[in-house]
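The values are calculated or read from the model by the stated rules, or taken from the named source; none is laboratory data. Worth saying up front: this structure is predicted, and the values here are computed from it rather than measured. Cβ: placed from backbone, ideal geometry, glycine included. Neighbour counts: every protein chain shown. All accessible areas refer to the heavy atoms of the entire protein, side chains included, with ligands and DNA or RNA removed. Shrake-Rupley method; radii C 1.70, N 1.55, O 1.52, S 1.80 Å.
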Amino acid sequence: MYDIHGLNEECGVFGVFNHPHASELTYMALHSLQHRGQEGAGIVCSNGEYLFGARGMGLLTEALSQEQLMSLETFPHAIGHVRYATTGGSEISNVQPFLFKSHKGDLGLAHNGNLVNAISVREALEDDGAIFQTSSDSEVLAHLIRKNKSPDRKQRIKTALRQLKGAFAFVILDEDSLTIALDDHGVRPLMLGMVDGAYCVASETCAFTAIGAEYIRDIEPGELITLSDKGIEFDYYTDTRHPNMCSMEYIYFARADSEFRNTSTYTIRKSLGRELAREMDVSADIVIGVPDSSLAAAKGFSEASGIPQEQGLLKNRYVGRTFISKGQEARERAVRMKLSPVRDVVEGKSVIVIDDSIVRGTTSRFIVKALKKAGAREVHMGVSSPPLKNPCFYGIDVSTHAEIIASQKSTEEIRDEIGADSLTYLSVDAMHDVYYSYGSKGQCDACFTGNYPIDIIDRLLPQEKDLKTKGV
């Protein structure tokens, strides 16, 4: 797998139905979701009679050519996907949306998340004669839908979804409808919007901003929404629903201008920073945030503590994301290229550095060392999330305890390894208090607590066999 700065994003999905510029809107929306996946991108469109798609490797601008986009411009219905591989290799066959052709009709499929029973389902389907074209877990849904004999399309989708376990946000396109489905725990985010009278769906509301769409609401766990020429139809595919949205969406993944339940992640991150200031008993001259996802938390910390915030670290925006670097030496070199201290800001000062998370410790170790080399008298590290101790099996590519420093070392041992004068993490209770104060109905905190809300069925690696799972 790829090495990481903090955590690897999962994927981003978008869909729009019955708009004359569907493919153009999809392209613009995917550009806003690029932070969620940089390995590949694609668009599948429908003209009411058949589906046509284009996809490629790399960033959106690399993956889709102008000629490909022009070939899609007359199609009024579209879905799109930007990918980071959580399952399946980094290759063109695994780039979504998938497009399947059969005598029953065309089917386009895009997925954000991870299915924890995909191997079991896939093996059963293969034993029954199915032939898979990819190594992605997402493909199992298409086979389940096509295998079902019900004449009712929605019933086929419902039955298929009930056979899946894990985290999933699906957009499913056929000739004359777009179906939207969220898993019964709502682990991955999914939002409903409207643009020029046409309904659209996206992983984050920043995609709506990019295309001038209105943000209507968050899609609920277990919800099934169908868009067609008849309008919009709201339903649920299951009666069992337990809200557990990923905590790291608030902390790190989502863009600061995206909203969950009508509250921006910028506001939520500021509140996490304020809570950290109340729990971190350290005096210092200045507070600085690690750009970009930690700047809001640093602002909240500054406001609560009264310690002035400064821009003590600059980010080179023309360097690729550091988690794509393979090997420790390459990863450290990428971090050096990406972040630089501002000597005039930090020299001779006691500095509090706010970061959103520590995974391996590579970035934290570099930051502390660089700030002290630039003349900082003290460097205190504050983390606006609890210690990340456990792997994620729901769509974040941290799959073993060996990849996570806090699963192996105590806070004091981590402080010593990164060279900080002190290290303080936000408590789990404080994190949850912030989320609930902004209307969250529940969060998955398994990466912090080890309390997995969905049973891990297939994705247990040999070194993880001692992992305790908790199903609900």
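Relative contact order for region 329-433: 29 percent, from Cα pairs under 8 Å spaced at least 6 residues apart, divided by residue count. What do you get for the angle between helix 265-279 and the principal long axis of the chain? Use alpha-carbon atoms, 0 to 90 degrees, nearest ten. Helix 265-279 sits roughly 30 degrees off the main axis of the chain.
Seen against the Cα atoms of the chain and their longest principal axis, helix 295-305 is set at about 40 degrees.
Cross-link list K270/K373; K349/K372; K349/K409; K165/K230; K389/K409; K270/K389: which exceed 21 angstrom alpha carbon to alpha carbon? Beyond 21 Å: K270/K373; K349/K409; K165/K230; K270/K389.
Considering only S228, C11, G450, the residue lying farthest towards the positive end of the dipole of the chain is G450, judged by Cα position with unit charges set on Cβ.
Structural descriptor for region 80-176: relative contact order 36 percent, calculated from alpha carbon pairs under 8 angstrom and at least 6 residues apart. For the chain, the longest principal axis of the alpha carbon atoms and the long axis of helix 22-32 meet at an angle near 20°. Taking all protein chains as they are arranged and a probe of 1.4 Å, the heavy atoms of K270 leave approximately 30 Å² accessible to solvent.
Close amide H partners of E73, meaning residues 5 or more places away or on another chain with modelled amide H under 5 Å apart, do not exist here. Have a look at A202, G348, P20 and report the one farthest towards the positive end of the charge dipole of the chain, computed about the Cα centre with Cβ charges (Lys/Arg +1, Asp/Glu -1). Working it through, the farthest residue towards the positive pole turns out to be G348. Taking amide H positions as modeled 1.01 Å from N, with prolines and chain starts lacking one, the residues under 5 Å from D455 and 5 or more places away or on another chain are V472.
Computed about the Cα centre, the dipole magnitude for the chain is approximately 640 debye when only Lys and Arg (+1) and Asp and Glu (-1) carry charge, each at its Cβ.
Each of F170, I288, S247 was scored by the projection of its Cα onto the charge dipole of the chain, and the greatest displacement toward the positive side belongs to I288; charges sit on the C-beta of Lys, Arg, Asp and Glu. The phi-based Karplus calculation (6.51 cos²θ - 1.76 cosθ + 1.60; θ = phi - 60°) puts the 3J(HN,Hα) values of region 232-248 at 10, 10, 9, 7, 10, 8, 8, 8, 9, 9, 9, x, 8, 5, 4, 4, 6 Hz, whole numbers, x for Gly and Pro. Label sites at D239 and R377, each approximated as a point 7 angstrom past Cα along Cα to Cβ, lie 6.7 nm apart.
Annotation for region 330-372 versus region 93-165: alpha-carbon center distance of 44 Å. Here region 183-234 is treated as an ellipsoid with the same Cα gyration tensor; its semi-axes, largest first and in whole Å, are 18, 16, 6. Distances between placed amide hydrogens fall under 5 Å for G442 paired with M245, all partners being 5 or more residues away or on another chain.
Residue by residue through region 115-131, what is 3J(HN,Hα) from phi via Karplus (6.51 cos²θ - 1.76 cosθ + 1.60, θ = phi - 60°)? Round to whole Hz and write x for glycine and proline. For region 115-131, the Karplus curve yields 8, 8, 10, 4, 5, 4, 5, 4, 4, 5, 5, 5, 4, 8, x, 5, 10 Hz. Our coupling estimate for region 48-62, obtained by passing each phi through the Karplus curve with A = 6.51, B = -1.76, C = 1.60 and θ = phi - 60°, is x, 10, 8, 10, 9, x, 9, 7, x, 8, x, 5, 3, 5, 8 Hz, Gly and Pro reported as x.
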